[in-house]
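Student: The structure that follows is given in the form of structure tokens.
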Amino acid sequence: MYKLFALMPIAVATLMVAASVATAEAPTKDTSFSSFSFEDRTTCPGITIVQSNEERDTTIEFSSTDLWIQRHGLATISANGKTLTSNFSAMIFVDATSPTVKVAGTVYNIQVPGAGNVLLDAGELVLDVSTDPPTVLHVAGPHEQFSGDVDALCGYLADP
């Protein structure tokens, strides 16, 4: 009998947690599409790169402070009569209670037949966005665009 009474608080606590989980709101999910272009004159000095993106964002809001964005798309990059494409897929994690944003996945993966990868930006970045510019807290993987290591891309685009 003593064991039964000793287990009662655990059972009551378990039921309370289960009840609170059962009444929690389900995450909301929204999918949006965007299409845009811009001119980039800074990545490769002396070269104007026109980038056009087709993107699909799936936004999942777990709470008013916890947001995930799954971004998929295609970037088309043109300069000097050359056109390159990059499929991208990345997750963006935002926690409003923290000044950090985490990006995980592939942002750029541009390959040229015969030249191999000319730009690869993939892996994980964690940024403190409360500073200007944001402070890098964690880096995993190659982030050539983010770090400015764009010599292979610029060399390919510069050569007519």
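Student: Among Thr85, Thr31, what is the fewest-to-most ranking by other Cβ atoms within 10 Å?
Tutor: Ordered from fewest to most neighbouring Cβ atoms within 10 Å, Thr85, Thr31 come out as Thr31, Thr85.
Student: With r defined as the distance between the Cβ atoms of Asp149 and Glu55 and R0 fixed at 41 Å, what FRET efficiency is calculated, to the nearest 0.05?
Tutor: 0.95
Student: Once the other residues with Cβ under 15 Å from the Cβ of Thr43 are scored (Lys, Arg +1; Asp, Glu -1), what is the net sum?
Tutor: Summing Lys/Arg as +1 and Asp/Glu as -1 gives -4.
Student: Additional query: In a shell of Cβ-Cβ distance under 12 Å around Leu157, excluding Leu157 itself, what net charge do Lys and Arg (+1) and Asp and Glu (-1) give?
Tutor: Net of charged neighbours comes to -2.
Student: What do you get for the angle between helix 2-23 and the principal long axis of the chain? Use alpha-carbon atoms, 0 to 90 degrees, nearest ten.
Tutor: 40
Student: For the chain, what does the relative contact order come out to in percent, with C-alpha contacts under 8 Å and a separation of six or more?
Tutor: Relative contact order, the chain: 14 percent.
Student: Rounded to the nearest 20 Debye, what is the dipole magnitude of region 27-158 about its Cα centre when Lys and Arg each give +1 and Asp and Glu each give -1 at the C-beta?
Tutor: With only Lys, Arg, Asp and Glu charged at Cβ, the dipole is about 340 debye.
Student: Taking other Cβ within 10 Å of each residue's Cβ, how do Ser64, Ser78 sort, fewest first?
Tutor: Starting with the residue having the fewest Cβ neighbours, the order is Ser64, Ser78.
Student: For the residues Phe146, Phe38, what sequence is obtained by ranking on other C-beta atoms within 10 Å, fewest first?
Tutor: With the fewest neighbours first, Phe146, Phe38 line up as Phe38, Phe146.
Each value in this text was obtained by applying a stated rule to the coordinates, not by laboratory testing. Quantities reported herein were computed from a predicted structural model and do not represent experimental measurements. Please note: Cβ atoms are built from the backbone with ideal geometry, for glycine as well, and neighbour counts cover all protein chains shown.
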